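**Q** Take a look at this one; I'll ask things after.
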Amino acid sequence: MIALNINGQVHQVDVDPETPLLWVIREWVGMTGTKFGCGIAQCGACSVHIDGAVTRSCSVPVGTVGASKIVTIEGLSADGLSHPVQRAWLAHEVPQCGYCQSGQIMAAAALLAQNPKPSDADIDDAMSNICRCGTYNRIRTAIHTASASAS
Amino acid sequence: MTIDRRSFIATSLAGAFSLSWKLPASAAGPAEVGIWAVIYPDDTVVVRIARSEMGQGTFTGLAQLVADEMDADWSKVRAEYVAPEVNLANKRAWGDMSTGGSRGIRASVDYVRKGGAAAKAMLIQAAAAQWGVPADQCTASASVVTHAGSGKTLRYGEVAAAAAKLPVPSDVTVKKPAEWTIIGKGVKRLDTVEKLSGKQIFAIDVQLPDMLNATIAQCPVFGGKLVSFDAKAVQAMPGVRQVVAVGDNAVAVVADKFYQAKTALAKLPIVWDEAGNGKVSSETIAALLREGLEAKQAGVGLAQGDIDAAFTLAATKMEAVYGTPFLNHATLEPMNCTAKVVGNTVEIWVPSQNGEASMAAAAEAGGVKLSDVKVNKLHLGGGFGRRGQQDYVRQAVLVAKQTGGRPVKLIWTREEDMQHGFYRPIGQAKMSGAMDASGNVVGLRMRIAAPSIVANLIPSALVNGVDKIAFQGMNPDEFGYMAVPNILIDHAIRTTSVPVGFWRGVNVNQNTIFMECFVDEMAHAAKKDPLEFRRAMMGKNPKHLAILNAVAEKAGWGSKLPDGVYRGLAQNCGFGSYVAAVAEVSVSDKGALKILRIVAGTDPGYAVNPDQIDAQVDGSFAYGLSALLYSENTIKDGRVVESNFDTYQVARMADMPRVETILKPSGGFWGGVGEPTIAVAAPAVLNAIFAATGKRIRQLPLKDQDLRRA
Ligand code: FES
Ligand code: FES
């Protein structure tokens, strides 16, 4: 049994410790907001926060997580809408298909937590998640909006 | 038209995905006013949507069309899918469900608006009857019917139940564009909120009681077959339930969890029969295409004047060969489908661009009647043409037939997705141009050699062996340079073992690169400004010219740029819309390209939602720039070399230029918006690269090219 602290709740899961955290979250815990896109830390669809740091959960064996606090998209805000990043995403209507957006939002939230006033170059560096629908320009604008609204 | 209400209620039990309402007989419940709208007592209007939402905004756009004609209060409008089996049971009352070719809106526009207008007429009629006044003394606005004489009002929610009992009028007229109140407005999408919190359930997220998970390996060599596998080698691995053959070319591991299935499949010994295709490579395919460039036989797409005479008499003749690679769609949500086979019935949960085609595929694979299939459509995590094909649906049903009635979710790994696509066709084009002594174009010749999408997917649509879709953007009603007196554009079909399919923008992409870059070559050879050079050929194409002029003006074509910044432009028409772009780029001494700004213009005739068109243009540039900069599927030993996003890179944030969109709907026609502008992305940038470096890049992607100054 492995104990996982996800969104403030401890889950006991009976799973091979080599299993990537992504699949434990999706299949053992049953929370599907965190997405699978590549499985090799390339696309960022599986991004979660581990002790505040944005992490590609497809490439983290669950056995290495220990007592760290995991936050998924479901735990970013209580109502799923009120985090400044979510509000900015709504205001600019960022999502198209939406499949990458859990990961994009988690990456943006981590960026702003660490760097409340990111420049365009900071955003280029931090936001390497793939969006096949091409919402990049709106993501950039929304990050600037969230940055302004949080200050 | 009357709808079989029982079929609605029956299918609504299918779950919360496609068609979640029931239609109780009581007046306190929702009422079906015509076939497109369901109205609740609190004035909520649920618009039924037959097409698929894959990010392109069609869910919202179609609802706008119906709601505007209904004069509904937009703030209370919602949308829900019509299930394919409900469409089938009602003689396809909701029309075609196929969602591709940028047709979602433009092909539905007549009948959905008439459906909205009919609902409005019924609501007014019901209110008038309640008041005992003639209907023509009543008007409707924002979900309220008003009687002009008395000033009395009734809300839609109050009259919907009575309206639902009236016959649906068929002789309705739709509004004139000047009367639109919701169409043409950048209203908010109806599907955003769930996509911000992880609550949106995509097909890959479906969880059913007792569900198993599976993943699949298809013969890595295209056209190859499954010979055997050794299930015993993995049977004891954690969670593994079954190892099953899927059709004649694949094997799947079924397990409790997907990750367990994936781990076991990686260890499964499999023997394949390569069916003689194991030697196919990018080199053998390139040789085949080169031969096609010179072949005598080719299908003609556009011919006018006397092309041979033009070249004989020309003062200057030019020639160049261009090439573009195979491309996977790489939707971010990998292919997946959940299926449940119980007795003679099949139910599927699917991210499909064509719910009816999914239904047919499930019936065929399940060996059941079409009417015994239920389809739960879920929003797609990207489509781009890939999910018009139903291979993954068939496979899911074939697996579910072998699990004793338990539902199975089949998920492809990214590697499987990358290696088993329906790729954008590889292509080469030999471009030839003839100019007179003053640098006027007197002849244009284009020979395309490429695999044919139509021959691969819908061979019955070949016309005397000619693939008409191969000429997208180059057909007489699309080509922007019809004033050139002598033109010949033809296409030699060269078939390989690699399956090809519809990829966002389809053949307009390659054709526009070939034509617009070559026209740019001719302009430079004639020592003319590329904008003026094009204008001189556009006398017969005022709509093309107008959008080209619009982008040139907004980009400040001809004005001075900062040192080191250069411009390029491109234009075309595709999917019924006129598009043009100006790109501004810089190229460092080391050959590093930076795309700084794109000005993109679209004339789609009418614009349903300008804000979503802006998003589509922006997004289509990202897709087009991925293809320009990085993406390429190469072939070795009969299979695709690239396996994931490490070897198949796509555009990311840092690659993305500022995109300024110009929307100039000129009226009188309905063009698409999801695909057309993608076509001008690559050629505008390529032409800017030439301006910056003096280097003419004729083979994509750029990652393989040296961009240092010539
Ligand atoms: S699924 Fe983890 S980075 Fe792509
Ligand atoms: S919104 Fe579709 S992949 Fe990003």
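The values are calculated or read from the model by the stated rules, or taken from the named source; none is laboratory data. Quantities reported herein were computed from a predicted structural model and do not represent experimental measurements. Note: ideal-geometry Cβ built from the backbone for every residue, glycine included; neighbour counts use all protein chains shown. Surface areas here come from the heavy atoms of the whole protein model, side chains and all, with no ligands, DNA or RNA. Shrake-Rupley method; radii C 1.70, N 1.55, O 1.52, S 1.80 Å.
**Q** Among the aspartates and glutamates, which have Cα under 15 Å from the Cα of B:Lys175 when same-chain residues fewer than 8 positions away are ignored?
**A** B:Asp68, B:Glu69, B:Asp71, B:Asp110
**Q** Order B:437-447, B:168-178, B:694-704 from most to least packed using the mean count of other Cβ atoms within 10 Å. Let's see the in-between values first.
**A** Numbers: B:437-447: 19.1, B:168-178: 12.3, B:694-704: 16.9.
Output ranking for B:437-447, B:168-178, B:694-704: B:437-447, B:694-704, B:168-178.
**Q** Hey, another quick one. B:Lys540: which lysines have alpha carbons under 22 Å from its alpha carbon, excluding same-chain residues fewer than 8 sequence positions away?
**A** Within reach: B:Lys528, B:Lys664.
**Q** Further, regarding this structure: Please average, across the residues of B:646-652, the number of beta carbons from any other chain that are within 10 Å of each residue's own beta carbon, and give a whole number.
**A** Across the residues of B:646-652, the mean count of other-chain Cβ atoms within 10 Å is 4.
**Q** While we're on this one: State, to one decimal in nm, how far the label point of B:Lys636 lies from the label point of B:Ser75, with both points 7 Å from Cα in the Cβ direction.
**A** 6.1
**Q** Chains B and A: what accessible area do they bury, summed, in square angstrom to the nearest 100, with a 1.4 Å probe?
**A** Numbers: alone 27180 and 7590 Å², together 30180 Å².
Buried: approximately 4600 Å² between A and B.
**Q** Separate question: So which residues of region B:325-349 lose at least 30 Å² of accessible area, probe 1.4 Å, when you go from the chain by itself to every protein chain present?
**A** B:Leu332
**Q** Over chain B, calculate the relative contact order: mean separation of alpha carbon pairs under 8 Å at least 6 apart, over the residue count, as a percent. Could the numbers behind the result be given before it?
**A** Numbers: 1646 pairs, mean separation 96.9, N = 710.
Relative contact order for chain B comes out at 14 percent.
**Q** How high is the FRET efficiency from B:Met318 to B:Ala178, r the C-beta distance, R0 51 Å, rounded to 0.05?
**A** So, using R0 = 51 Å, E works out to roughly 0.55.
**Q** Turning to a different aspect of this structure: Taking the alpha carbon gyration tensor of chain A, what are the square roots of 5 times its eigenvalues, largest first, to the nearest whole Å?
**A** Square roots of five times the eigenvalues give 26, 15, 13 Å.
**Q** If the chain between B:Ala437 and B:Met237 were fully stretched, how many nm would it gain, using 0.36 nm times the residue separation less the Cα-Cα distance? Could you put the intermediate results ahead of the total?
**A** Working: separation 200, 0.36 × 200 = 72.00 nm, distance 7.63 nm.
Fully extending the segment from B:Ala437 to B:Met237 adds 64.4 nm.
**Q** Provide Rg and Dmax in Å for the protein assembly as shown, with only Cα atoms included in the calculation.
**A** Spelled out, the Cα radius of gyration and Dmax of the protein assembly as shown are 27.7, 84 Å.
**Q** Here is a further query. Which of the residues in region B:187-214 show a loss of at least 40 Å² in accessible area from their chain by itself to the complete set of protein chains, at a probe of 1.4 Å?
**A** By number: B:Lys188, B:Thr192, B:Val193, B:Lys195, B:Leu196, B:Ser197, B:Gly198, B:Phe202, B:Ile204, B:Asp205, B:Gln207.
**Q** Could you work out the local net charge near B:Asn633, counting Lys and Arg as +1, Asp and Glu as -1, over the other residues with Cβ closer than 11 Å to its Cβ?
**A** +1
**Q** Rounded to the nearest 0.05, what FRET efficiency is calculated for B:Ser228 and B:Lys91 with R0 set to 41 Å and r the Cβ-Cβ distance?
**A** For B:Ser228 and B:Lys91, the calculated efficiency is 0.30.
**Q** Can you give the average number of partner chain beta-carbon atoms within 10 Å of each beta-carbon in peptide A:9-18, as a whole number?
**A** 1
**Q** What accessible area per residue, rounded to a whole number of Å², is obtained for the protein assembly as shown using a probe radius of 1.4 Å?
**A** 35
**Q** Note down the relative contact order for region B:5-197 as a percent, whole number, built from C-alpha pairs under 8 angstrom at least six residues apart. Could the numbers behind the result be given before it?
**A** On the way: 311 pairs, mean separation 47.5, N = 193.
RCO, region B:5-197: 25 percent.
**Q** Quick one: go through region B:434-466 and flag any residue whose amide nitrogen is under 18 Å from the point 7 Å out along the Cα-to-Cβ line of B:Ala309.
**A** What the label zone holds, given the 18 Å backbone N cut-off, is B:434-437, B:441-445.
**Q** Going by a ≥ b ≥ c, the root eigenvalues of the Cα gyration tensor, does region A:2-75 fall in the rounded group (a/c under 1.5), the prolate group (a/b larger than b/c) or the oblate group?
**A** rounded
**Q** Would you mind pulling out the separation of the Cα centroids of region B:56-73 and region B:560-602, in Å?
**A** Value for the Cα centre distance between the two parts: 34 Å.
**Q** When you count, for each residue, the other Cβ atoms within 10 Å and take the mean per peptide, how do B:138-145, B:456-463 rank with the highest first?
**A** B:138-145, B:456-463
**Q** Pairs B:Lys554/B:Lys594; B:Lys374/B:Lys401; B:Lys279/B:Lys340; B:Lys377/B:Lys401: which are spaced more than 27 Å apart, C-alpha to C-alpha? Don't skip to the answer; put the middle values down first.
**A** Numbers: B:Lys554/B:Lys594 20 Å; B:Lys374/B:Lys401 15 Å; B:Lys279/B:Lys340 39 Å; B:Lys377/B:Lys401 20 Å.
Check vs 27 Å cut-off fails for B:Lys279/B:Lys340.
**Q** What is the extension gain from B:Lys560 to B:Thr153, computed as 0.36 nm multiplied by their sequence separation minus the C-alpha to C-alpha distance, in nm to one decimal?
**A** Gain on stretching B:Lys560 to B:Thr153: 140.4 nm.
**Q** Still on this structure, please answer the following. Counting helices only, and only those DSSP H runs with n ≥ 4, report the 222 nm mean residue ellipticity of the protein assembly as shown as the sum of -39,500 (n - 2.57) divided by its residues, in deg cm²/dmol to the nearest 500.
**A** Working: 22 runs with 246 residues, N = 861.
It comes out at -8500 deg cm²/dmol, rounded to the nearest 500.
**Q** Relative contact order, percent, of region A:2-75 when contacts are C-alpha pairs under 8 Å separated by at least 6 residues? Could the numbers behind the result be given before it?
**A** On the way: 144 pairs, mean separation 28.8, N = 74.
Result for region A:2-75 is 39 percent.
**Q** For B:Ser432, what is the net charge nearby, where nearby means another residue's Cβ is under 10 Å from its Cβ and Lys, Arg count +1, Asp, Glu -1? Don't jump to the answer; show the numbers that get you there.
**A** Values: positive: B:Lys317, B:Lys430, B:Arg445, B:Arg447; negative: B:Glu319.
My count for the surroundings of B:Ser432 gives +3.
**Q** Among the GluC sites (Glu not before Pro) in region B:458-537, which ones are in a DSSP loop with at most 15 other Cβ atoms within 10 Å of the Cβ? Mind listing them?
**A** none
**Q** Still on this model: Compute the angle between helix A:136-150 and the longest alpha-carbon principal axis of chain A, please, reported from 0 to 90 degrees and rounded to the nearest 10.
**A** Tilt of helix A:136-150: around 90 degrees.
**Q** May I pose another question? Can you work out the FRET efficiency for the pair A:Ala150 and B:Asp706, with r the C-beta to C-beta distance and R0 = 35 Å, to the nearest 0.05? Can you show the working numbers first?
**A** Numbers: r = 44 Å, r/R0 = 1.27.
Computed FRET efficiency for A:Ala150 and B:Asp706: 0.20.
**Q** Here is a further query. Can you compute the label reach from B:Leu457? Point 7 Å from Cα along the Cβ direction, backbone N cut-off under 20 Å, restricted to region B:395-432.
**A** Those under the cut-off are B:395-396, B:412, B:416-428.
**Q** Rounded if a/c is under 1.5, else prolate if a/b is larger than b/c, else oblate: which is chain B, with a ≥ b ≥ c the root eigenvalues of its Cα gyration tensor?
**A** Cα axes put chain B in the oblate bin.
**Q** On to the next question. Just grab the label-to-label distance for B:Asp210 and B:Ser141, each label 7 Å out from Cα along the Cβ direction, in nm (one decimal).
**A** For B:Asp210 paired with B:Ser141, the spin-label model returns 5.7 nm.
**Q** Give me a single rounded figure for A:28-41: the average over its residues of other chain Cβ atoms within 10 Å of their Cβ. Before the final figure, lay out the partial values.
**A** Working: counts 3, 0, 2, 2, 9, 7, 2, 7, 12, 11, 13, 8, 6, 2.
The per-residue average across the peptide is 6.
**Q** State, to one decimal in nm, how far the label point of B:Gln130 lies from the label point of B:Asp171, with both points 7 Å from Cα in the Cβ direction.
**A** 2.7
**Q** Report the local net charge at B:Val187: Lys and Arg +1, Asp and Glu -1, summed over other residues whose C-beta lies under 14 Å from its C-beta.
**A** Here the charged neighbours net out to -1.
**Q** Another question, then. Output the DSSP H helices from chain B with an along-axis C-alpha extent of no less than 27 Å and a mean Kyte-Doolittle hydropathy no less than -0.5.
**A** B:109-131, B:506-525, B:610-629
**Q** A further question on this structure: Please list, by residue number, every one of the trypsin sites (Lys or Arg not before Pro) in region B:540-582 that is coil in DSSP and has at most 13 other beta-carbon atoms within 10 Å.
**A** Listed in order of number, the matching sites are B:Lys540, B:Lys560.
**Q** Semi-axes, largest first, in whole Å: what does sqrt of 5 times each Cα gyration tensor eigenvalue give for region B:644-710?
**A** That gives 28, 18, 12 Å for the three semi-axes.
**Q** Roll a 1.4 angstrom probe over the protein heavy atoms and tell me the percent of accessible area of region A:102-151 that is carbon or sulfur. Intermediate values should be presented prior to the final figure.
**A** Working: 910 of 1680 Å².
Taking all protein chains in place, region A:102-151 shows 54 percent carbon and sulfur surface.
**Q** If you don't mind, there's one more thing I want to ask. Just how much of B:Ile613 is accessible, in Å², when a 1.4 Å probe is used and the result is rounded to the nearest 10?
**A** Approximately 10 Å² for this residue.
**Q** Hey, any idea what % of chain B's accessible area is carbon plus sulfur with a 1.4 Å probe?
**A** C and S atoms contribute 53 percent here.
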